[in-house]
């Protein structure tokens with residue numbers, strides 16, 4: 001699975017910096033890459049901001065992220081959780097990125113509550129999910145989801161919606177801490 005998530009072909013077709021550029025990050029930001037997998041986006045984030053926290057449910061994926069961070073000479077904090085209990089203090093994260101992982105969170109209301117808790121007042125949540133098929137739609141991948149339903153869940157959890165941004169066949173759905 002790690003090769004599927006982080007390989008030269010994917011890096012060519014979907015350069016991580018293209019997504020990172022759309023997130024409006026500042027050098028002083030603290031960013032959590034939730035569901036980081038083998039660190040496909042984590043390393044680009046770590047090159048851009050002050051502090052990067054890589055989060056995954058798999059210790060193997062976190063090991064791969066740590067190895068990749070070391071090879072790229074960047075510092076990344078690692079945290080293993082499914083989102084229902086995030087072992088971080090209140091109000092410390094500027095942005096939480098979820099790339100093709102929101103649909104996999106087992107208890108989304110609880111995780112969203114934790115995200116709100118750890119976010120700074122101006123904190124943002126960026127959920128990237130597939131909203132339509134594409135040229136390679138026959139290749140197994142993330143499910144196509146209803147952007148409206150994701151937005152509804154964010155509002156229910158207490159987020160303020162920010163206009164979504166298109167990103168290929170995906171949509172970046174933003175929620176902001178009120």
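Just a few scattered comments:
- Looking only at segment 83-109, and only at residues there that are part of a helix (DSSP H, G or I) and within 16 Å of the chain's Cα centre (by Cα), the one that is surrounded by the most Cβ atoms within 10 Å (Cβ to Cβ): 102
- The set of residues from segment 67-78 being surrounded by fewer than 16 Cβ atoms within 10 Å (Cβ to Cβ) and within 20 Å of residue 96 (Cβ to Cβ) comprises 75, 77.
- Test: residue in segment 142-160 that is surrounded by fewer than 18 Cβ atoms within 10 Å (Cβ to Cβ), at pLDDT 95 or above and outside any helix (DSSP H, G or I): yes
- Restricting 116, 112 to residues that are at pLDDT 90 or above, under 19 Å from residue 34 (Cα atoms), in a helix (DSSP H, G or I) and touching a helix residue (DSSP H, G or I) at 6+ places or on another chain (Cβ under 6 Å) narrows the list to 112.
- Residue in segment 27-39 that is free of Cβ contacts under 8 Å to residues at least 40 places away in the same chain, under 20 Å from residue 122 (Cα atoms), within 17 Å of the chain's Cα centre (by Cα) and surrounded by 14 or more Cβ atoms within 10 Å (Cβ to Cβ) present: no
To keep it simple, each residue is scored yes or no on (1) touching a helix residue (DSSP H, G or I) at 6+ places or on another chain (Cβ under 6 Å); (2) closer than 28 Å to residue 166 by Cα.
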site	(1), (2)
26	no, yes
30	no, yes
38	yes, yes
50	no, yes
53	no, yes
75	no, no
82	no, yes
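- Yes/no for residue 53 being outside any strand (DSSP E or B), touching a residue at least 40 places away in the same chain (Cβ under 8 Å), buried (at least 22 other Cβ atoms within 10 Å of the Cβ) and in contact with a strand residue (DSSP E or B) (Cβ under 6 Å, 6 or more places away or on another chain): no
- Pairs are defined by a Cβ separation below 7 Å, a sequence spacing of at least 6 or placement on different chains, a first member in segment 69-83 that is farther than 11 Å from residue 52 by Cα, and a second member that is part of a helix (DSSP H, G or I); the pairs so defined are 72/43; 80/59; 80/62; 83/111; 83/114.
The values are calculated or read from the model by the stated rules, or taken from the named source; none is laboratory data. Keep in mind it's a predicted model, so treat the numbers as computed, not measured. So basically every Cβ, Gly included, is an ideal-geometry build from the backbone, and we count neighbours across all protein chains shown.
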